Amino acid sequence: DVRGRVGRDLPVVLVLSRELAIAQLLGLSNLEGLVEERTAELHARQKDMAEILANVPEAIVAIVPGLTLHEEHSACAPEILGVEDVPGASVMVAVFGGAELDDDRVDQVKGALLAIVGEDSVNHLINEHLLPEEVCRLRPDGTRQYLELSWAPIEDANEIVNKMLLSVRDVTELR
């Protein structure tokens, strides 16, 4: 008889339901702990990166689509690049303004960056040879500034270069 079986099994079902509910609550409690732990780890990493950017003696910037500089940058970037407002500044002005490069070479660099940033990572492989490793710029006071440039693409999961990381080292005193 079905009624008899349901009646006999009902206490077991209630116990199992209660145990399942407790397990779910414990799981949520554990999940909250994991979220808190991961959040603390993220804050620690962000603090570490902020310390690095504050103390590295190079201009470290990220170039975003439109060839402008991202808001995050090293503390030395304004001094080395000679730009007060780094976020939103044009990379072509901040890095290549006053550069002793002919117009064709500047156009090549701009074209390469336009082909790379915001595009498939294969474009970086095709165009990376057009990105200079050093540049000499004339400062407003007429003195020369020698810069070493190091480029690195930052890709997303779809292999799109979202940003181009640029490290600029002022080697003027070494010349």
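The values are calculated or read from the model by the stated rules, or taken from the named source; none is laboratory data. Quick caveat: nothing in here was measured; it's all calculated off a predicted structure. Cβ atoms come from the backbone with ideal geometry, glycine included; neighbour counts cover every protein chain shown. When the accessible area is computed, the model is the full protein with side chains, heavy atoms only, and any ligands, DNA or RNA have been set aside. Shrake-Rupley method; radii C 1.70, N 1.55, O 1.52, S 1.80 Å.
The table that follows gives values for the structure above.
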| read-out | value |
| --- | --- |
| Verdict on residue 135 being touching a Phe, Trp or Tyr at 6+ places or on another chain (Cβ under 8 Å), part of a helix (DSSP H, G or I), buried (at least 16 other Cβ atoms within 10 Å of the Cβ) and modelled with pLDDT of 95 or more | no |
| Selection status of residue 66, at positive phi, open to solvent by 20 Å² or more (accessible area, probe 1.4 Å) and assigned to a loop (DSSP other than H, G, I, E, B) | yes |
| Selection within the stretch 75-117 - farther than 16 Å from residue 59 by Cβ and either among the charged types (D, E, K, R) or in contact (Cβ under 8 Å) with a residue 40 or more places away in the chain (or both) | 100, 102, 103, 104, 105, 107, 110, 113, 114, 116, 117 |
| Contacts under 7 angstrom Cβ, first residue in the stretch 142-169 being farther than 11 Å from residue 117 by Cβ, partner of a type in the set (Asp, Glu) and buried (at least 17 other Cβ atoms within 10 Å of the Cβ), 6 or more apart | 145/170; 147/170; 167/58; 168/58; 169/58 |
| The stretch 82-125: number of residues that are assigned to a helix (DSSP H, G or I), surrounded by 14 or more Cβ atoms within 10 Å (Cβ to Cβ) and under 22 Å from the mean Cα position of the chain (by Cα) | 13 |
